[in-house]
Every structure is written in C-alpha cells, then in structure tokens.
Amino acid sequence: MRNHFAFLGGLIFVGWFLVVSAWAQTPVPDEITAEPHYHFLLSNDQVRVFEVVLRATEHAFVRHQYNFLVVTLRDSEMVMWNEGESEIVNFRFNHGDIRFFYGGPARGMRNDRTTEYHNITVEFLNPKVTTFGYQATTGKWDYGSNGVNPPVDPNKKFRNSLDLNQAKVSDVQLLQRDILEPPDKGISELVIPMTDLDMTAGSDLHARKAPGSVWWIGDGRKNELMNTVPDPARFVVVELKAE
C-alpha cells in the first residue's frame, strides 16, 4: 500500500511539474509599443504607425489592440502564427503585399531566412475600419477580402483599392508626370512609400520620401500629387473618413 501511494504521489508530482513547465514556457505577448522590433513612426487620433524590421533568427510576439494593416516592403518568407497555434507555418510575402488583420489574439512571427523582413504596420484607432459590410458580389452583409490585389501590369500606372468601410487603402503607381487626384472633402491621407518618392502638389508642396518612412498629409489636400521624376513612384495611400 505504501508503494502504491508513493507511486501515485510520483505521478502527481510529474504532472504538476509538466504543467508548471508548460506554463513557464508559454510566451507572453509584448505590448506593441514595447516590442523592440516595432519602431514607432507616427500617432494621432486616427492611426498608430510602426516600422517593423526582423533580421535573421529574430522573432516578435505582439498583441494588437486595434485592427491593423501590414504593408510588406521587400520579398520575404516568415514563420507566422496566432496565439495558441504551432510555430511552424511559413508564409511567402512579395514586395508591395498589403493585408488587413483584425485585432485581438496575439500574433507571432519569426524570420528563419538570411534576408531581412521589413514592413509598415498601421493600427486603426476607429473600430469601424473593417472588412465587414455589404458585399456587392454576393448581395449580403459579410466579411470581404482582406488584401489588395496585385497589379495586372507592374510597369504601368495603376490604382488597386481595398474598401475598409471608414477607410480605403490603395496600391498606387504613377509614371512620370502622372497624377493622383485630391480626395473628397473631409478625408485624411496617410502615404506609405514602396519606392523613393519625389512628388509635387501644385506650387505649394515638394516632398521627397523613402521606403520605410510615412507621410501624413491629413485632410484638405486640394492639389494633385504628381510624380516628377522618370522612375515609377509606387506607394500605398490610406484614406480615412471623418466620423
């Protein structure tokens, strides 16, 4: 009998040890403002913007309080997972990929490649920025696409957009002297360069921006944006509606 109780006690101890060990090894997500791979760029009453850089073998595990957008700035491959999932699935990203995600569960990513991973992450403070809405293709209220379609011809002028209810995200390319028309009244703009930009807006503005930076234009732009140089200018423009 004594040996029986000793055996049971040993099993209980082993089980307790395994539970404690598993708990101790469970990663705790970082706040986005404290995660060292997320570099703060911009904050206002509509968005928070971060530059994210992970070099070889580096990883991040972050909980997003808000819905967010990810703009990939170079070709890359990453291991990515949601909280509670296995850290084994690889995802391929191309330069210019644009994806919308919902906040909530923590998300992790790890760079198992030798090349650097680089994105711009935009958090939307307005919860009405969402893919949920009336879908014209089905005639129902449902969740729509979460990504912007790639260009049909990457060498020409294009503008491909994703409707997010209180926002619209567009992948834009302008050839030399091509223009981007002003938005409707009351719409603020955030520009994320994917190439070097050299842009003018009438005689009032001449801006040079590099990939990895952001350009908050705000609302009230009345002039056309023009690409003034021979090289194509590719960028993401996030249009935010006033509530």
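Structure notes:
- Full extension of the segment from Asn160 to Arg92, taken as 0.36 nm per residue of separation minus the current Cα-Cα distance, would add 22.4 nm.
- Packing, taken as the mean count of other beta carbons within 10 Å per residue, orders the peptides 76-89, 216-229 from highest to lowest as 216-229, 76-89.
- Amide H partners (placed H, <5 Å) of Ala106, local residues excluded: Glu83
- Radius of gyration over Kirkwood radius for the chain, both on Cα atoms: the Rg/Rh ratio is 1.12.
- The listed residues Phe124, Phe40, once ranked by accessible area (1.4 Å probe) with the largest placed first, stand as Phe40, Phe124.
- Segment Phe40-Asp112, extension gain: residue separation times 0.36 nm, minus the distance between their alpha carbons: 23.5 nm
- Cα long-axis angle, helix 2-25 against the chain (0 to 90 degrees, to the nearest 10): 10
- Percent carbon-and-sulfur accessible area, the stretch 137-230, ignoring ligands, DNA and RNA, probe 1.4 Å: 47
- Dipole orientation for the chain: of the candidates Val53, Gly144, Gly202, Gly144 has the Cα lying most toward the positive pole (charges on Cβ; Lys, Arg +1; Asp, Glu -1).
- J(HN,Hα) series, the stretch 63-76, from Karplus relation 6.51 cos²θ - 1.76 cosθ + 1.60, nearest Hz, glycine and proline x: 9, 9, 6, 10, 4, 8, 10, 10, 10, 7, 9, 7, 4, 6
- Whole-angstrom gap from the stretch 21-89 to the stretch 128-145, using each part's C-alpha centre: 27
- Global geometry of the stretch 149-243, whether rounded, prolate or oblate, following the gyration tensor of its Cα atoms and the 1.5 cut on a/c: oblate
- Relative contact order of the stretch 34-165, defined on C-alpha pairs under 8 angstrom at six or more residues apart (%): 27
- Rounded to the nearest whole Hz, the Karplus-based 3J(HN,Hα) values (6.51 cos²θ - 1.76 cosθ + 1.60, θ = phi - 60°) of the stretch 172-185 follow the sequence 10, 10, 10, 7, 4, 6, 6, 10, 10, 5, x, x, 5, 4, with x at glycine and proline.
- Packing here is the average count of other Cβ atoms within 10 Å per residue, and on that basis the peptides 202-212, 135-145, 103-113, highest first, run 103-113, 202-212, 135-145.
- For the stretch 62-93, the residues whose amide N sits under 19 Å from a probe point set 7 Å from the Cα of Trp216 along the beta carbon direction are 65-71.
The values are calculated or read from the model by the stated rules, or taken from the named source; none is laboratory data. Just so we're clear, the structure is a prediction, and the values are computed from it rather than from any experiment. FYI the Cβ positions are ideal-geometry reconstructions off the backbone, even for glycines, and counts take in every protein chain you see. When the accessible area is computed, the model is the full protein with side chains, heavy atoms only, and any ligands, DNA or RNA have been set aside. Shrake-Rupley method; radii C 1.70, N 1.55, O 1.52, S 1.80 Å.
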